[in-house]
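Engineer: Below you will find the structure I want to go over with you.
The values are calculated or read from the model by the stated rules, or taken from the named source; none is laboratory data. The model shown is predicted, which means the values in this text are computed figures rather than measured ones. In this analysis, Cβ positions are derived from the backbone assuming ideal geometry, glycine residues included, and neighbour counts consider all displayed protein chains. For the accessible areas, the whole protein counts, side chains as well, though only heavy atoms, and no ligand, DNA or RNA atoms are used. Shrake-Rupley method; radii C 1.70, N 1.55, O 1.52, S 1.80 Å.
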Amino acid sequence: MSEGKKEASDVVPEATTTESLDRYRSSMEWESKFYRDTAALVERTADLQKVDRNVTHRLLTPQRALIVSIPVRMDDGSVKNFVGYRVQHNNARGPFKGGIRYHEEVSLGEVSALAMLMTFKCAVVGLPLGGAKGGIRIDPTPLSRAENQRLTRRYTTEILEMIGPELDIPAPDVGTNAQTMAWIMDTYSEMKGRVSPSVVTGKPIFLGGSQGRVEATGHGVAAVVRAAGEHLGFELFGKRVAIQGFGNVGTHAASKLESMGMKIVAVSDVSGGIYNPEGFDVKHLLKYVEIRKSVKDYPRAQPISNRDLLTLNVDVLVPAALSGVIDAEVAGQLKCRILAEGANGPVTAEGDEVLRQRQHEVFVVPDVLANAGGVTVSYFEWVQGLQSFFWDSKDVDERLFRILGNAFQEALSFKEKFQTDMRTATLMLGIHRVSEAMLARGLFP
Ligand code: GLU
């Protein structure tokens, strides 16, 4: 075997050309706008840093994708069938890792794009893990607890051979939570005949979950906002924040940012948004949402649409809902100084193009860094579980802020070295780490 760089060409035959990649792309089973945008971003970024084309080619498709059909007996006695997925993108740096999403728009294209983002997210924060994602195309809100449990157990059975504590470790995502993870852990353990808490993360704390995991993604958003503020010499105290999406990520980001002295002036959920230029009392708002299940009609606030919230005149904007909400038009109208992407893929490729031109006005902390707090504490949970030794919440939060702060600095050094925008620089850091692992391991067989 030849030495060093030459091994790169062992990954796939030399014949890979742009032309063959184009043909390859148009026949992708996982085709979707989100996937196309994500793959194009990865390809452009890898080319900019001159990654071996053979490595890039491999990174543009998942390593494995499974589609399953899930029959579920409903409470009224009928049987309904749902479609589910588990996609494993890359495990060069360690076991696959990524959430499971229950949402009516889940598709193979979406799950594959999210799995790809997980690979780079784990690498950006330096975790020894790869990237995966799963999901079921279903709106879980009308399901009874019993129906949801049957759905989760059957889905787990269908993907059973793909997951495991050293193989692929699921976690919560949109529409799933600690209870979902408990059912997956139980189903896996029963089928394997041994208790395996480390097959999932995001479990309830009394079942081996980690302190701080529920809050982790939101706290991670706050950690990167703090790092960005310091970098820009921008005092955060008293500054205004708008948050789109008031679920797990949005609520915990709001609490943490408020504790840092910021004013949360607008939040929204699927029912629409609320705005108060004086700032909300987040604790009071959370109580209201707990009872009403929505921010709608919150007193002492004016209603605002989800779309208008994005273009409000605020200092920090946190899109913490679904993908694709910031297109070219919205990107052109953003007025925030810092955009911290709590959601995965909130900016479309066209929106990104506009933001690259506006990089001196809007400082972007991209999803693979801004929402990496969740998987970082998932990693802490996995490590604690394997050692059966648990940390307190202060330990977890301090380590989380340190890891995200360091990753932010490392992304910045790529930004300076390649004189590029923050999204490109952050992805460069991730791609660099994944590609060096792939090259060092070489091609099997
Ligand atoms: N679903 C979360 C994400 O998109 C967390 C994944 C994990 O903890 O494995 O990052």
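Engineer: Tell me, what is the per residue accessible area of region 152-304 in Å², probe radius 1.4 Å?
Structural biologist: I get 44 Å² per residue for region 152-304.
Engineer: So between LYS50 and MET191, what do we pick up on full extension, going 0.36 nm a residue minus the alpha carbon distance?
Structural biologist: Taking LYS50 through MET191 to full extension adds about 46.2 nm, to one decimal.
Engineer: With label points built 7 Å along Cα→Cβ from the Cα atoms of GLU278 and SER413, find their separation and express it in nm.
Structural biologist: Modelled inter-label distance: 4.7 nm.
Engineer: Next up: Can you give me the solvent accessible area of ASP281 with a 1.4 Å probe, rounded to the nearest 10 Å²?
Structural biologist: Answer for ASP281: close to 90 Å² accessible.
Engineer: Tell me, what HN-Hα J-couplings in whole Hz come from the Karplus equation 6.51 cos²θ - 1.76 cosθ + 1.60 at θ = phi - 60° for each residue of region 255-268, using x for Gly and Pro?
Structural biologist: 4, 5, 5, 5, 5, 8, x, 8, 9, 8, 9, 8, 9, 8
Engineer: Would you mind pulling out the separation of the Cα centroids of region 189-247 and region 101-165, in Å?
Structural biologist: Cα centroid to Cα centroid, the span is 17 Å.
Engineer: Roughly speaking, what is the stretch gain from PHE389 to GLU361, that is 0.36 nm per residue apart minus the C-alpha to C-alpha distance, in nm to one decimal?
Structural biologist: My answer for the length gained is 5.5 nm.
Engineer: Still on this structure: With all protein chains present, how much of the accessible area of region 283-442 (probe radius 1.4 Å) comes from carbon and sulfur, to the nearest whole percent?
Structural biologist: Reported share for carbon and sulfur atoms: 50 percent.
Engineer: Spin-label point model (7 Å from Cα, Cβ direction): what's the ALA40 to GLU329 distance in nm?
Structural biologist: My value for the distance between the label points is 1.9 nm.
Engineer: Another question, then. With r as the distance between the Cβ atoms of SER259 and GLU436 and R0 = 41 Å, compute the FRET efficiency 1/(1 + (r/R0)^6) and round to 0.05.
Structural biologist: 0.60
Engineer: Can you give the charge dipole size of the chain about its Cα centre, rounded to the nearest 20 debye, using +1 on the beta carbon of Lys and Arg and -1 on the beta carbon of Asp and Glu?
Structural biologist: 500
Engineer: Which percent, to the nearest 5, of DSSP beta bridges fully inside the chain are antiparallel?
Structural biologist: Just about 50 percent of them are antiparallel.
Engineer: Classify region 262-399 as rounded, prolate or oblate from the Cα gyration tensor: take a ≥ b ≥ c as the square roots of its eigenvalues, call it rounded if a/c is under 1.5, otherwise prolate when a/b beats b/c and oblate if not.
Structural biologist: oblate
Engineer: Let me ask something else. Find how much the distance from ARG402 to GLU350 grows on full extension, using 0.36 nm per residue of separation minus their present alpha carbon separation; answer in nm with one decimal.
Structural biologist: Going from the current span to full extension adds 15.4 nm.
Engineer: What does the helix-only formula give at 222 nm for the chain: each DSSP H stretch with n ≥ 4 adding -39500 (n - 2.57), the total divided by the residues, and the result rounded to the nearest 500 deg cm²/dmol?
Structural biologist: -14500 deg cm²/dmol
Engineer: I've got another one for you. Which peptide among 45-57, 317-329 comes first, and what is the full order, when sorted by highest mean count of other Cβ atoms within 10 Å?
Structural biologist: By packing density, highest mean first, the sequence is 317-329, 45-57.
Engineer: What lysines does LYS133 reach when the alpha-carbon gap must be under 24 Å and sequence neighbours fewer than 8 apart in one chain are set aside?
Structural biologist: LYS33, LYS80, LYS97, LYS121, LYS192, LYS203
Engineer: If I compute solvent accessible area with a 1.4 Å probe over the protein chains, what percent of it on region 126-237 is carbon and sulfur?
Structural biologist: 52
Engineer: With every protein chain kept in place and ligands, DNA and RNA left out, what is the accessible area per residue of region 62-131? Probe 1.4 Å, answer in Å².
Structural biologist: It amounts to 30 Å² per residue over region 62-131.
Engineer: Dipole of the chain (Lys/Arg Cβ +1, Asp/Glu Cβ -1, origin at the Cα centre): which of PHE401, LEU429, SER413 lies farthest to the positive side?
Structural biologist: The residue sitting most towards the positive pole is PHE401.
Engineer: Now for a different question. Starting from region 253-314, pick out the GluC sites (Glu not before Pro) whose DSSP state is loop and whose Cβ has at most 15 other Cβ atoms within 10 Å.
Structural biologist: Filter output for region 253-314: GLU278.
Engineer: If you average the sequence gap of Cα pairs under 8 Å that are 6 or more apart and divide by the length of the chain, what percent do you get for the contact order?
Structural biologist: 16
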